[in-house]
Amino acid sequence: MWADTLAACHDGLTLRLPPRVAAVVHQLPVATDDEDHGEIPQPSPTLVDDLAHASAPAARA
């Protein structure tokens, strides 16, 4: 996912996170609304584990 993200940025493409990863990011708390950058999500203590779980291939039943 990291290589695909970097390639998209270098190619000038719009970044789209996989839905499960985007869901983790959208659940992060937002401390303030920055004047220049808008809402800035704050990391949570479980962020690394949450992102690892969300970016892992989905288990098939």
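Here is how the numbers come out for the structure above:
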item	result
Matching option when the condition is surrounded by 10 or more Cβ atoms within 10 Å (Cβ to Cβ) and part of a loop (DSSP other than H, G, I, E, B), among 15, 6, 28	28
Output for segment 39-61, where each listed residue is modelled with pLDDT of 85 or more and either farther than 21 Å from residue 5 by Cα or touching a Leu at 6+ places or on another chain (Cβ under 8 Å) (or both)	41, 42, 43, 44, 45, 46, 47
Hits in segment 31-41 (condition: of a type outside the set (Asp, Glu), open to solvent by 100 Å² or more (accessible area, probe 1.4 Å) and assigned to a strand (DSSP E or B))	none
Failed condition for residue 44, given (1) surrounded by 10 or more Cβ atoms within 10 Å (Cβ to Cβ); (2) touching a Ser or Thr at 6+ places or on another chain (Cβ under 7 Å)	(2)
First in segment 22-38 and at negative phi, second anywhere and open to solvent by less than 50 Å² (accessible area, probe 1.4 Å) and small (Gly, Ala, Ser), Cβ under 8 Å, 6 or more apart	23/54; 24/54; 28/44; 29/44
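The values are calculated or read from the model by the stated rules, or taken from the named source; none is laboratory data. Only a predicted model underlies this, so the values are computations on that prediction, with no experimental measurement involved. Note that we place each Cβ from the backbone using ideal geometry, even for glycine, and neighbour counts take in every protein chain shown. Heavy atoms of the whole protein, side chains included, go into the accessibility calculation; ligands, DNA and RNA do not. Shrake-Rupley method; radii C 1.70, N 1.55, O 1.52, S 1.80 Å.
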